[in-house]
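Inspection log for the structure reproduced underneath, given as structure tokens.
The values are calculated or read from the model by the stated rules, or taken from the named source; none is laboratory data. Remember, predicted model here, so these are calculated numbers, not experimental data. Ideal geometry is used to build each Cβ from the backbone, glycine not excepted, and the neighbour counts take in all protein chains shown. Ligands, DNA and RNA are stripped out before the accessible areas are found, and what is left, the full protein with its side chains, is counted by its heavy atoms. Shrake-Rupley method; radii C 1.70, N 1.55, O 1.52, S 1.80 Å.
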Amino acid sequence: MAIALLSHADCGLHDTGWGHPEHVGRLRAIPRALREDPELFHALTHLEGRHATPEELALAHDAPYVERVRALSAQGGGRLDADTVVSEGSWQAGAAGAGCVLDGVDLAMDGRATRSFSAVRPPGHHALRAAGMGFCLFGNVANAALYARHRHGVDRVLIVDWDVHHGNGTQAIVEHEPAIRFVSMHQWPWYPGTGAREDRGPHGTVWYVPMPAGLPAERYEEDWERAVDAAMVGWTPDLIFISAGFDSRAGDPLGGFSLELEHFERMTRRMVGRAEAACGGRLVSALEGGYAPERVAEAVMVHLRALL
Ligand SMILES: [Zn+2]
């Protein structure tokens, strides 16, 4: 069974400046770590993803917003909010990041690669329908979930998000689709301030695990597992996505969780097991946050090994 590592050189064109936590060094650390693990390197199918088209990005986003990002890039850049930068290369980077995850769906659905991980930036889970936010331009995973439903006829989709921040953008984009379920564990109270446990979305299809910082890692792992269980009671997904943010690893500069490599390994294996049981193993994972580059890369290696 092929497991794909999807990336695109254009993801490096999103220039936030070195003072910004979401810089290109986050992605560069991944191939560097992979070179030190030739066995893992050779076990993966390495693919360059495509660029999502404006029409594809408009599955999740309002078309005028997509055009605004394109036009802002073409003019040399600007800002969407205090932390969300658009540079000259951001349109190419955003379209490539979103496109890699669309390719992950295509690969899973036509059987070329049952599972994939997209090493992409900018991240996506804070991007709203008509606004970028929290370092995110386009909702890479939410958009791919809609693409799977509307272009591949996939019925039920499960998205799990273990980034330390609440995936408010993913929620905003998918909560109106009753066939998409969303599980997010995140630090609470913390940026962006949403994701309360009692928020179940208009169709009762979101499950939130807001957690304080600094607990023993097993607590996060167990509560996360319980929420995934709750989302799958009497309901079997046809495709599973992971919004894999590694800012939930201990020591991240933007988070206070204590997860370590062993926890990411087990959480990944559990999702692989669920995908094997529910949907022929089909699992599409994409990088979200994680701001200590070497530590993110180590976590990605463990995640990739567990996907295999
Ligand atoms: Zn995050």
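Things to note:
- Length, then width, then depth: along the principal axes, the Cα atoms of the chain run 49, 46, 42 Å.
- Summarised in one figure, the compactness ratio Rg/Rh of region 31-121, Cα atoms and Kirkwood Rh, is 1.07.
- Rounded Å value of the spacing that divides the Cα centres of region 163-209 and region 274-291: 18 Å
- Charge dipole magnitude, Cβ of K and R +1, D and E -1 - region 171-308, Cα centre, debye nearest 20: 220 debye
- The trypsin sites (Lys or Arg not before Pro) of region 120-224 meeting both criteria, a DSSP state outside H, G, I, E and B (loop) and at most 12 other C-beta atoms within 10 angstrom of the site's C-beta, are ARG197.
- 3J(HN,Hα) from dihedral phi, region 14-19, Karplus parametrisation 6.51/-1.76/1.60, rounded to Hz, x for glycine, proline: 6, 9, 9, x, 6, x
- Shape class for region 189-308, computed from the alpha carbon gyration tensor (a ≥ b ≥ c): oblate, with a/c not under 1.5 and a/b at or below b/c.
- Residues in region 280-308 reached by a label modelled at HIS20 [backbone nitrogen below 17 Å; 7 Å Cα→Cβ]: 288-293
- Long-range HN-HN contacts of SER118 with modeled amide H, under 5 Å: LEU6, SER285, ALA286, LEU287
- Per-residue Karplus couplings for region 109-126, computed as 6.51 cos²θ - 1.76 cosθ + 1.60 with θ equal to phi - 60°, are listed in order as 6, 9, x, 5, 8, 4, 10, 8, 10, 9, 8, 10, 8, x, x, x, 6, 9 Hz, Gly and Pro entered as x.
- Note on the chain: with neighbouring protein chains present and a 1.4 Å probe, carbon and sulfur make up 52 percent of its accessible heavy-atom surface.
- Model label zone, GLU294; criterion: amide N under 12 Å from point 7 Å along Cα-to-beta-carbon; scope region 24-51: 33
- Beta bridges by DSSP in the chain, antiparallel share as percent, to the nearest 5: 15 percent
- Among ASP199, ASP163, ASP252: highest mean-square fluctuation, GNM of the chain, C-alpha pairs under 10 Å: ASP199
- Rounded, prolate or oblate (a/c below 1.5 giving rounded, otherwise prolate when a/b exceeds b/c) for region 111-266 by Cα gyration tensor: rounded
- The ARG32 and ALA213 beta-carbon pair, evaluated with R₀ = 22 Å, returns a calculated FRET efficiency of approximately 0.15.
- At most 16 other Cβ within 10 Å, DSSP loop - GluC sites (Glu not before Pro), region 1-59: GLU36
- Under a 5 Å amide H cut-off, with hydrogens placed 1.01 Å from N, VAL24 pairs with THR16 among residues at least 5 apart or on other chains.
- Amide H contacts of MET211 (H built 1.01 Å from N, under 5 Å, at least 5 apart or other chain): HIS186, GLN187, TRP188
- ³J(HN,Hα), Karplus 6.51/-1.76/1.60, whole Hz, each residue of region 261-270, x for Gly, Pro: 4, 4, 6, 4, 4, 5, 4, 5, 4, 5
- Tensor-based shape of region 1-156 (alpha-carbon gyration tensor, a/c under 1.5 rounded, otherwise prolate or oblate): oblate
- C-alpha center-to-center spacing [region 116-154, region 28-95] in angstrom: 10 Å
- Think of it as helices only: each DSSP H run of n ≥ 4 in the chain is worth -39500 (n - 2.57), and spread over all residues that comes to -12500 deg cm²/dmol at 222 nm.
- Applying 1/(1 + (r/R0)^6) with r as the Cβ-Cβ distance of THR45 and GLU198 and R0 = 45 angstrom yields a FRET efficiency of 0.60.
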